[in-house]
Amino acid sequence: MQIKRMLGRDFFQRDVLTVARELVGVELVWHGCSGIIVETEAYGAEYDEACHTATRPSARQFVLNEPPGAAYVYFNYGMYWLFNLLVKGGRRDGLILIRALEPVSGIKEMQRRRGREKVTELCSGPGKLAVAMGITGSDHRTPMAGRGRPTGVGLRIPKTGLAHEVAEDIRVGISKAVNHPWRYLARGNPNVSVPHGKVKVPGLESK
């Protein structure tokens, strides 16, 4: 039987844009639930006004002190936990928001947590996937790769490759650095949060 390999810290010790693209197609495993990552967003630790490091000293300390692959989990707009991964040690450090998953296992538990039956509605957004997977603020700083990674969590390379082309697009729901094409998604996958080319840029929405 072929054993699926978990990603190590070296995967996260590269440029944040490279890692964000290559995470699309990787399986996020989380305490009995899992899903294929189909959408990510990269945020640069430096020179990116949309990154938490631009305004939050705690985020800068996180990047400085935590190991590559650590989970950065924060509460967004007082509503949802959002799950990110730390990238450091390469050409450009940063944080990667996991925006959407294609559910693979633990689907019944995801449906219970989300109160939804339709599979494509379970993890089609960063807040949705955190609820579906059971990710909360207590999971902040969880090592997702390398030494200290808890049993039952990790990032796994599936046996089969991604069935969709990886496309790049602008990021969603931000008001600064809006034109960076730093969102990566499986083009045409029904589980993504916003389809390719459909992000509305603040100030440019049609009336």
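The values are calculated or read from the model by the stated rules, or taken from the named source; none is laboratory data. Computed from a predicted structure; not experimentally measured. Note that each Cβ is placed from the backbone with ideal geometry, even for glycine, and that neighbours are counted across all protein chains shown. These area figures cover heavy atoms from the full protein model, side chains too; ligands, DNA and RNA do not enter into them. Shrake-Rupley method; radii C 1.70, N 1.55, O 1.52, S 1.80 Å.
Checking the a/c ratio against 1.5 first, then a/b against b/c, what shape does the Cα gyration tensor give for the chain? Spell out each step's value before the answer.
On the way: a/c = 1.37, a/b = 1.08, b/c = 1.27.
Verdict is rounded for the chain.
Which of the peptides 167-179, 95-107 is most tightly packed, and how do the rest follow, going by the mean number of other Cβ atoms within 10 Å of each residue?
Details: 167-179: 16.4, 95-107: 22.8.
Going from most to least packed, we get 95-107, 167-179.
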By accessible area of protein heavy atoms, probe 1.4 Å, what ranking do 151, 53 get, highest first?
-> 151, 53
Mean accessible area per residue over region 80-181 (1.4 angstrom probe, all protein chains present, square angstrom) is 48
Between residue 80 and residue 159, Cβ-based FRET efficiency (R0 35 Å, step 0.05) works out to 0.65
Distance between region 133-207 and region 27-88 - C-alpha centres, whole angstrom = 10
Area accessible to solvent at residue 55, 1.4 Å probe radius, in Å² = 90
Which value, in Å² and to the nearest 10, is the accessible area of residue 139 when all protein chains are kept and the probe is 1.4 Å?
-> 20
Cα-based reach from residue 200 at 29 Å (exclusive), listing lysines while leaving out same-chain residues under 8 positions away | 118, 128, 176
Highest mean first, what order results for 12-25, 69-82 on Cβ atoms within 10 Å?
-> 12-25, 69-82
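Summarise the accessible area of region 11-88 (1.4 Å probe, protein heavy atoms) by the percent that is carbon and sulfur.
Values: 1620 of 3060 Å².
Ligands and nucleic acids excluded, carbon and sulfur give 53 percent.
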Cα gyration tensor of region 112-207, axes a ≥ b ≥ c as square roots of the eigenvalues: rounded (a/c below 1.5), prolate (a/b > b/c) or oblate?
-> prolate
